[in-house]
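Written out below as structure tokens is the structure these notes cover.
The values are calculated or read from the model by the stated rules, or taken from the named source; none is laboratory data. Since the structure is predicted, the reported quantities are computational estimates derived from the model, not experimental observations. Backbone-built Cβ (ideal geometry, glycine too); neighbour counts: all protein chains shown. To get the accessible areas, we keep the full protein, side chains included, count just its heavy atoms, and leave off ligands, DNA and RNA. Shrake-Rupley method; radii C 1.70, N 1.55, O 1.52, S 1.80 Å.
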Amino acid sequence: FIDILGFGIVIPVLPLYAEKLAATPIELGWLIGIFSLAQFFFAPIWGKVSDRVGRKPVLVVGVVGTVTGYIMMGLAGSVGMLMLARLIDGIAGANIGAAQAYLADISSAQNRARAMGLLGAAFGLGFVFGPALGGWASVKFGSYAMPMYIAAGLAAVNFCFVLVVAL
């Protein structure tokens, strides 16, 4: 939920932030798409790594990458830095398969469908509340960077959660 909430926070603000940094329409398209493109290519890699070294290390590295990406987005002074930050966040966020595998690992056979259903609900809730929070924060604080910092803070909370709860 926290990961998707952070992703959702960024979505309504990113085009405005990019426009402020003088992004062209093509660059804006890449800013939106590079995250998903990175996830597409890196999800299988994170999955193989999590099979080899365990789920927790992959989840920890992914959350650290997410925090880094959001902080870089908040600090971005150019479209290039914003693009790099989105790429880092996409690579880090590609660990969702490891998170799903972790849920499967810790769930009994009879509870596995319920666990996956809860994950789907978390996605839905993150996509509902994230954009609202991002839009509110940008207006409340008068900054397109503030939602990025809020997302970084939430990802840092997630980091602590992974360290304490994950096996």
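Extending 7 Å from the Cα toward the beta-carbon at both Ala109 and Cys160 defines two label points whose distance is 3.9 nm.
Between beta-carbons, use under 10 Å as the cut-off and find the net charge around Phe35, counting Lys and Arg +1, Asp and Glu -1.
On the way: positive: Arg86; negative: Asp89.
Residues near Phe35 contribute 0 overall.
Taking the protein heavy atoms of region 33-167 in the context of the full set of protein chains, the accessible area attributed to carbon and sulfur is 74 percent at 1.4 Å. Inverting the pair-averaged 1/r between distinct Cα atoms of region 1-113 gives 14.8 Å as its Kirkwood hydrodynamic radius.
The long axis of helix 96-106 is offset from the longest Cα principal axis of the chain by roughly 30 degrees. Enter the angle in degrees (range 0 to 90, nearest 10) between the Cα long axis of helix 146-165 and the first principal axis of the Cα atoms of the chain, meaning the one along which they spread out most. The angle comes out near 10 degrees. Charge dipole of region 44-118 (Cα centre as origin; +1 on each Lys and Arg Cβ, -1 on each Asp and Glu Cβ, all else neutral): 180 debye, rounded to the nearest 20.
Fully extended, how many nm does the chain gain between Phe41 and Leu118 (0.36 nm per residue separation, minus their Cα-Cα distance)? Mind showing how you got there, number by number?
Details: separation 77, 0.36 × 77 = 27.72 nm, distance 2.55 nm.
Stretched fully, the Phe41-Leu118 segment lengthens by 25.2 nm.
Among 97-104, 73-80, 60-67, 86-93, sorting by the average number of other beta carbon atoms lying within 10 angstrom of each residue, highest first, gives 86-93, 60-67, 97-104, 73-80. Taken along the Cα-to-beta-carbon direction at a fixed 7 Å, the label points for Arg52 and Trp136 span 4.3 nm.
Between the Cα long axis of helix 112-141 and the first principal axis of the chain there is an angle of about 20°, rounded to the nearest 10. Solvent-accessible surface of region 110-154, taken per residue with a 1.4 Å probe and all protein chains present: 57 Å². With a simple spin-label model that places each label point 7 Å from the Cα along the Cα-to-Cβ direction, the separation between Ala22 and Gln100 comes to 4.2 nm.
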